[in-house]
Amino acid sequence: MKVIRACVLGYCMGVRRAMDMAEAALATGSQSPVYAMGSLIHNPQAMKSLINRGLTVLEESNLPGDLSGARVIIRAHGITPHLEAALTNRGATLIDATCPRVKASQIKAQSLCREGYRVFLAGEKEHGEIIGIRGYAPDCIIVGDPVSAAAAAEKLFLEEPRPVKTKRSIKTALIGQTTISPDEYTAIAQAIETVFPNLHSINTICRATRDRQDSLRELCGQVDAVIVAGGCESANTRRLLAIARAAGRGIPAWLVETPAEIPGEIRSFTTVGLCAGASTPDGLIDVIEEALMKIDCKRITPEVVL
Ligand code: SF4
(Lines give C-alpha, C1' and ligand atoms only; values in the text may rest on other atoms or scores of the structure.)
Protein backbone atom coordinates (compact mmCIF):
# COMPACT_ATOMS: atom_id res chain seq x y z
CA MET A 1 0.00 0.00 0.00
CA LYS A 2 1.23 3.47 -0.86
CA VAL A 3 0.89 5.96 1.99
CA ILE A 4 1.05 9.72 1.47
CA ARG A 5 1.45 11.91 4.53
CA ALA A 6 -0.21 15.31 4.80
CA CYS A 7 2.40 18.07 4.51
CA VAL A 8 1.42 19.41 7.95
CA LEU A 9 0.37 16.95 10.62
CA GLY A 10 0.76 16.15 14.29
CA TYR A 11 1.82 18.28 17.23
CA CYS A 12 1.35 22.04 17.01
CA MET A 13 3.98 24.30 18.56
CA GLY A 14 2.08 24.73 21.83
CA VAL A 15 1.45 21.02 22.41
CA ARG A 16 5.02 20.08 21.47
CA ARG A 17 6.35 22.70 23.87
CA ALA A 18 4.12 21.42 26.71
CA MET A 19 5.13 17.82 26.04
CA ASP A 20 8.82 18.74 25.96
CA MET A 21 8.43 20.52 29.31
CA ALA A 22 6.67 17.48 30.76
CA GLU A 23 9.40 15.15 29.46
CA ALA A 24 12.09 17.39 30.96
CA ALA A 25 10.31 17.50 34.34
CA LEU A 26 9.85 13.73 34.40
CA ALA A 27 13.50 13.19 33.51
CA THR A 28 14.29 14.70 36.91
CA GLY A 29 11.18 13.17 38.50
CA SER A 30 13.09 11.61 41.36
CA GLN A 31 13.77 15.11 42.73
CA SER A 32 10.10 15.85 43.44
CA PRO A 33 6.68 14.60 42.33
CA VAL A 34 5.44 15.84 38.96
CA TYR A 35 1.77 16.65 38.41
CA ALA A 36 -0.20 17.95 35.45
CA MET A 37 -3.11 20.31 36.01
CA GLY A 38 -5.67 18.40 33.98
CA SER A 39 -4.91 16.17 31.02
CA LEU A 40 -1.88 17.63 29.24
CA ILE A 41 -2.92 16.38 25.83
CA HIS A 42 -6.01 14.84 24.26
CA ASN A 43 -4.28 11.64 23.35
CA PRO A 44 -4.66 8.54 25.54
CA GLN A 45 -1.44 6.86 24.37
CA ALA A 46 0.68 9.95 25.05
CA MET A 47 -0.95 10.44 28.46
CA LYS A 48 -0.46 6.78 29.35
CA SER A 49 3.21 7.04 28.49
CA LEU A 50 3.65 10.11 30.74
CA ILE A 51 1.70 8.50 33.59
CA ASN A 52 3.82 5.35 33.33
CA ARG A 53 6.87 7.53 33.87
CA GLY A 54 5.48 9.10 37.02
CA LEU A 55 3.12 11.91 36.01
CA THR A 56 -0.01 12.33 38.14
CA VAL A 57 -3.01 14.20 36.76
CA LEU A 58 -4.74 16.64 39.10
CA GLU A 59 -8.40 17.60 38.94
CA GLU A 60 -9.39 21.12 39.97
CA SER A 61 -12.34 19.78 41.97
CA ASN A 62 -10.09 17.47 43.98
CA LEU A 63 -6.77 19.21 44.65
CA PRO A 64 -4.59 17.74 47.39
CA GLY A 65 -4.37 19.99 50.44
CA ASP A 66 -0.57 19.97 50.43
CA LEU A 67 1.58 20.17 47.31
CA SER A 68 4.78 21.23 49.06
CA GLY A 69 7.81 20.32 46.99
CA ALA A 70 5.70 19.19 44.02
CA ARG A 71 5.97 20.53 40.51
CA VAL A 72 2.74 21.13 38.60
CA ILE A 73 2.71 21.50 34.82
CA ILE A 74 0.12 23.90 33.40
CA ARG A 75 -1.12 22.60 30.07
CA ALA A 76 -1.02 24.47 26.75
CA HIS A 77 -4.65 25.67 27.12
CA GLY A 78 -3.70 27.55 30.27
CA ILE A 79 -5.60 27.87 33.54
CA THR A 80 -7.24 30.68 35.52
CA PRO A 81 -5.17 32.91 37.83
CA HIS A 82 -7.45 31.69 40.62
CA LEU A 83 -6.35 28.10 40.05
CA GLU A 84 -2.71 29.17 39.77
CA ALA A 85 -3.02 30.81 43.18
CA ALA A 86 -4.70 27.70 44.62
CA LEU A 87 -1.74 25.59 43.48
CA THR A 88 0.99 27.92 44.70
CA ASN A 89 -0.82 28.43 48.01
CA ARG A 90 -0.57 24.68 48.50
CA GLY A 91 3.19 24.87 48.03
CA ALA A 92 3.50 23.76 44.39
CA THR A 93 6.11 25.06 41.97
CA LEU A 94 4.44 25.77 38.65
CA ILE A 95 5.89 24.77 35.29
CA ASP A 96 3.96 27.04 32.96
CA ALA A 97 3.45 25.27 29.63
CA THR A 98 0.63 27.62 28.60
CA CYS A 99 1.03 28.10 24.86
CA PRO A 100 2.55 31.57 24.25
CA ARG A 101 -0.36 32.35 21.91
CA VAL A 102 -2.91 31.50 24.59
CA LYS A 103 -0.91 33.47 27.15
CA ALA A 104 -1.07 36.49 24.83
CA SER A 105 -4.89 36.17 24.73
CA GLN A 106 -5.05 35.97 28.53
CA ILE A 107 -2.93 39.10 28.95
CA LYS A 108 -4.84 40.96 26.26
CA ALA A 109 -8.20 40.13 27.85
CA GLN A 110 -6.94 41.33 31.21
CA SER A 111 -5.58 44.62 29.85
CA LEU A 112 -8.76 45.33 27.87
CA CYS A 113 -10.83 44.86 31.02
CA ARG A 114 -8.56 47.22 32.90
CA GLU A 115 -8.97 49.79 30.12
CA GLY A 116 -12.75 49.66 30.57
CA TYR A 117 -13.70 47.49 27.60
CA ARG A 118 -16.58 45.04 27.72
CA VAL A 119 -14.90 41.95 26.33
CA PHE A 120 -16.65 39.33 24.20
CA LEU A 121 -14.96 35.92 24.00
CA ALA A 122 -15.80 33.89 20.90
CA GLY A 123 -15.46 30.17 21.52
CA GLU A 124 -16.67 27.09 23.35
CA LYS A 125 -17.84 27.89 26.86
CA GLU A 126 -16.53 24.62 28.32
CA HIS A 127 -13.18 24.63 26.51
CA GLY A 128 -10.14 24.85 28.80
CA GLU A 129 -8.66 27.77 26.88
CA ILE A 130 -11.84 29.84 27.19
CA ILE A 131 -12.23 28.97 30.88
CA GLY A 132 -8.63 30.10 31.44
CA ILE A 133 -9.02 33.40 29.54
CA ARG A 134 -12.27 34.14 31.36
CA GLY A 135 -10.29 33.95 34.59
CA TYR A 136 -8.34 37.01 33.40
CA ALA A 137 -11.48 38.88 32.34
CA PRO A 138 -14.19 37.80 34.78
CA ASP A 139 -16.87 40.09 33.30
CA CYS A 140 -16.34 38.90 29.75
CA ILE A 141 -19.25 37.63 27.68
CA ILE A 142 -18.75 34.24 26.05
CA VAL A 143 -20.45 33.78 22.68
CA GLY A 144 -20.45 30.56 20.71
CA ASP A 145 -22.08 31.61 17.45
CA PRO A 146 -23.36 34.72 15.60
CA VAL A 147 -26.93 34.34 16.91
CA SER A 148 -25.89 34.22 20.56
CA ALA A 149 -23.38 37.03 19.89
CA ALA A 150 -26.10 39.31 18.48
CA ALA A 151 -28.37 38.50 21.43
CA ALA A 152 -25.60 39.14 23.98
CA ALA A 153 -24.68 42.45 22.33
CA GLU A 154 -28.32 43.55 22.30
CA LYS A 155 -28.69 42.59 25.97
CA LEU A 156 -25.58 44.57 26.91
CA PHE A 157 -26.91 47.55 24.96
CA LEU A 158 -30.32 47.43 26.66
CA GLU A 159 -28.89 47.01 30.15
CA GLU A 160 -26.48 49.93 29.84
CA PRO A 161 -27.84 52.84 31.90
CA ARG A 162 -26.88 55.55 29.42
CA PRO A 163 -28.88 57.60 26.94
CA VAL A 164 -29.33 55.67 23.69
CA LYS A 165 -27.21 58.23 21.88
CA THR A 166 -24.08 57.35 23.85
CA LYS A 167 -24.70 53.63 24.24
CA ARG A 168 -23.16 52.85 20.89
CA SER A 169 -19.89 54.33 22.07
CA ILE A 170 -19.51 51.70 24.82
CA LYS A 171 -16.00 50.32 24.47
CA THR A 172 -16.32 46.71 23.33
CA ALA A 173 -13.68 44.21 22.22
CA LEU A 174 -13.71 40.69 20.80
CA ILE A 175 -11.14 37.96 21.40
CA GLY A 176 -11.48 34.55 19.76
CA GLN A 177 -10.49 31.09 20.91
CA THR A 178 -7.21 30.39 19.12
CA THR A 179 -8.73 27.44 17.28
CA ILE A 180 -11.99 29.08 16.13
CA SER A 181 -12.57 29.05 12.37
CA PRO A 182 -11.90 32.43 10.72
CA ASP A 183 -15.36 32.37 9.09
CA GLU A 184 -17.08 31.77 12.42
CA TYR A 185 -15.04 34.51 14.07
CA THR A 186 -15.88 37.02 11.33
CA ALA A 187 -19.59 36.16 11.52
CA ILE A 188 -19.55 36.67 15.31
CA ALA A 189 -17.72 40.00 14.94
CA GLN A 190 -20.23 41.19 12.36
CA ALA A 191 -23.14 40.21 14.61
CA ILE A 192 -21.74 42.29 17.50
CA GLU A 193 -20.94 45.19 15.17
CA THR A 194 -24.60 45.54 14.26
CA VAL A 195 -25.05 46.79 17.85
CA PHE A 196 -21.57 48.16 18.60
CA PRO A 197 -20.04 49.41 15.34
CA ASN A 198 -16.82 50.42 17.08
CA LEU A 199 -16.02 46.87 18.20
CA HIS A 200 -12.28 46.40 18.75
CA SER A 201 -11.59 43.01 17.18
CA ILE A 202 -8.36 41.27 18.23
CA ASN A 203 -7.06 38.60 15.88
CA THR A 204 -5.89 35.73 18.08
CA ILE A 205 -6.60 32.88 15.67
CA CYS A 206 -3.78 30.37 15.49
CA ARG A 207 -2.92 28.98 12.07
CA ALA A 208 -1.96 25.56 13.43
CA THR A 209 -5.45 24.10 13.09
CA ARG A 210 -6.07 25.66 9.69
CA ASP A 211 -2.70 24.54 8.34
CA ARG A 212 -3.55 20.91 9.21
CA GLN A 213 -6.99 21.25 7.65
CA ASP A 214 -5.70 22.89 4.45
CA SER A 215 -3.01 20.26 4.17
CA LEU A 216 -5.61 17.48 4.50
CA ARG A 217 -7.83 19.03 1.81
CA GLU A 218 -4.85 19.06 -0.54
CA LEU A 219 -4.07 15.44 0.36
CA CYS A 220 -7.63 14.29 -0.33
CA GLY A 221 -7.16 15.06 -4.02
CA GLN A 222 -4.27 12.58 -4.26
CA VAL A 223 -5.54 9.51 -2.37
CA ASP A 224 -8.33 6.90 -2.38
CA ALA A 225 -8.93 6.88 1.38
CA VAL A 226 -7.70 8.69 4.49
CA ILE A 227 -6.56 7.58 7.92
CA VAL A 228 -6.72 10.28 10.59
CA ALA A 229 -4.34 9.41 13.42
CA GLY A 230 -5.22 10.70 16.87
CA GLY A 231 -7.37 10.56 19.96
CA CYS A 232 -11.13 10.43 19.53
CA GLU A 233 -11.42 12.91 22.44
CA SER A 234 -9.50 15.52 20.47
CA ALA A 235 -11.85 18.03 18.83
CA ASN A 236 -9.35 19.11 16.18
CA THR A 237 -8.69 15.46 15.25
CA ARG A 238 -12.41 14.71 14.89
CA ARG A 239 -12.72 17.82 12.75
CA LEU A 240 -10.06 16.44 10.40
CA LEU A 241 -12.12 13.28 10.03
CA ALA A 242 -15.19 15.33 9.11
CA ILE A 243 -13.19 17.33 6.56
CA ALA A 244 -11.82 14.17 4.93
CA ARG A 245 -15.30 12.66 4.68
CA ALA A 246 -16.73 15.86 3.22
CA ALA A 247 -13.88 16.32 0.75
CA GLY A 248 -14.84 16.71 -2.91
CA ARG A 249 -14.95 13.06 -4.00
CA GLY A 250 -16.41 11.83 -0.70
CA ILE A 251 -13.53 9.45 0.00
CA PRO A 252 -13.75 7.03 2.93
CA ALA A 253 -11.92 8.09 6.08
CA TRP A 254 -11.33 6.59 9.53
CA LEU A 255 -9.99 7.92 12.80
CA VAL A 256 -7.61 5.49 14.51
CA GLU A 257 -5.85 5.78 17.84
CA THR A 258 -3.52 2.81 17.30
CA PRO A 259 -2.43 0.55 14.40
CA ALA A 260 -4.74 -2.15 15.77
CA GLU A 261 -7.72 0.08 14.94
CA ILE A 262 -6.91 0.31 11.24
CA PRO A 263 -10.07 -1.05 9.58
CA GLY A 264 -9.94 -4.12 7.39
CA GLU A 265 -11.71 -2.23 4.58
CA ILE A 266 -8.50 -0.25 4.01
CA ARG A 267 -7.19 -3.26 2.03
CA SER A 268 -9.42 -2.21 -0.87
CA PHE A 269 -7.40 0.95 -1.45
CA THR A 270 -3.98 1.23 -3.00
CA THR A 271 -3.16 4.85 -2.09
CA VAL A 272 -4.04 6.03 1.38
CA GLY A 273 -3.54 9.48 2.91
CA LEU A 274 -2.34 9.89 6.49
CA CYS A 275 -3.02 12.98 8.57
CA ALA A 276 -3.00 13.61 12.32
CA GLY A 277 -4.44 16.05 14.81
CA ALA A 278 -2.40 18.63 16.70
CA SER A 279 -2.22 16.35 19.74
CA THR A 280 -1.01 13.20 18.00
CA PRO A 281 2.56 12.18 18.94
CA ASP A 282 5.15 11.65 16.20
CA GLY A 283 5.78 8.08 17.37
CA LEU A 284 2.13 7.16 16.99
CA ILE A 285 1.97 8.64 13.48
CA ASP A 286 5.07 6.64 12.57
CA VAL A 287 3.76 3.26 13.78
CA ILE A 288 0.42 3.81 12.05
CA GLU A 289 2.24 4.70 8.83
CA GLU A 290 4.43 1.60 9.14
CA ALA A 291 1.38 -0.61 9.70
CA LEU A 292 -0.33 0.86 6.63
CA MET A 293 2.73 0.37 4.46
CA LYS A 294 2.90 -3.31 5.44
CA ILE A 295 -0.61 -3.91 4.17
CA ASP A 296 -0.44 -5.65 0.81
CA CYS A 297 -4.07 -4.86 0.14
CA LYS A 298 -4.94 -8.44 1.13
CA ARG A 299 -3.76 -8.70 4.72
CA ILE A 300 -3.60 -6.31 7.68
CA THR A 301 -0.94 -6.47 10.40
CA PRO A 302 -2.76 -5.75 13.65
CA GLU A 303 0.15 -7.16 15.65
CA VAL A 304 2.02 -3.89 15.18
CA VAL A 305 1.47 -2.07 18.45
CA LEU A 306 2.97 0.91 20.24
S1 SF4 B 1 -3.32 25.29 18.41
FE2 SF4 B 1 -2.05 27.14 18.34
S3 SF4 B 1 -2.66 28.30 20.14
FE4 SF4 B 1 -3.38 26.22 20.47
S5 SF4 B 1 -1.74 25.19 21.57
FE6 SF4 B 1 -1.38 24.82 19.41
S7 SF4 B 1 0.03 26.45 18.76
FE8 SF4 B 1 -0.88 27.08 20.70
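The values are calculated or read from the model by the stated rules, or taken from the named source; none is laboratory data. The model shown is predicted, which means the values in this text are computed figures rather than measured ones. Note that we place each Cβ from the backbone using ideal geometry, even for glycine, and neighbour counts take in every protein chain shown. Each accessible area value is taken on the protein alone, full model and side chains, heavy atoms only, with ligands, DNA and RNA left out. Shrake-Rupley method; radii C 1.70, N 1.55, O 1.52, S 1.80 Å.
Here are the numbers for this structure:
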read-out	value
Unit charges on C-beta of K, R, D, E only; dipole of the chain, Debye	600
The stretch 181-241-the stretch 39-117 distance, computed between alpha-carbon centres (Å)	25
Segments 194-201, 98-105 sorted - mean Cβ within 10 Å per residue, highest first	98-105, 194-201
For the stretch 56-168, projected area of the alpha-carbon convex hull averaged over all directions, nm²	8.5
Percent carbon-and-sulfur accessible area, the stretch 1-138, ignoring ligands, DNA and RNA, probe 1.4 Å	50
Extension gain, Ala242 back to Lys171 (0.36 nm per residue minus Cα-Cα distance, nm)	21.7 nm
Farthest toward positive dipole pole in the chain [+1 Lys/Arg, -1 Asp/Glu at C-beta], among Tyr35, Ser169, Val223	Ser169
Solvent-accessible surface (1.4 angstrom probe) belonging to Met13, in square angstrom, nearest 10	80
Kirkwood hydrodynamic radius of the stretch 195-268, from inverse mean 1/r over distinct Cα pairs, in Å	14.1
Efficiency of FRET between Arg249 and Ala86 - r from beta-carbon atoms, R0 51 angstrom, step 0.05	0.50
The chain: calculated mean residue ellipticity at 222 nm from DSSP helix runs of at least 4, using -39500 (n - 2.57)	-12500 deg cm²/dmol
Unit charges at the beta carbon, dipole of the chain: most positive-side option, Thr179, Gln213, Ala151	Ala151
Two-decimal log10 I(q)/I(0) for the stretch 87-244, as the Debye equation yields it once each C-alpha is a single scatterer, q = 0.12, 0.18, 0.19 Å⁻¹	-0.62, -1.08, -1.16
Protection proxy ranking, peptides 254-266, 208-220, average beta carbon neighbours within 10 Å, highest first	208-220, 254-266
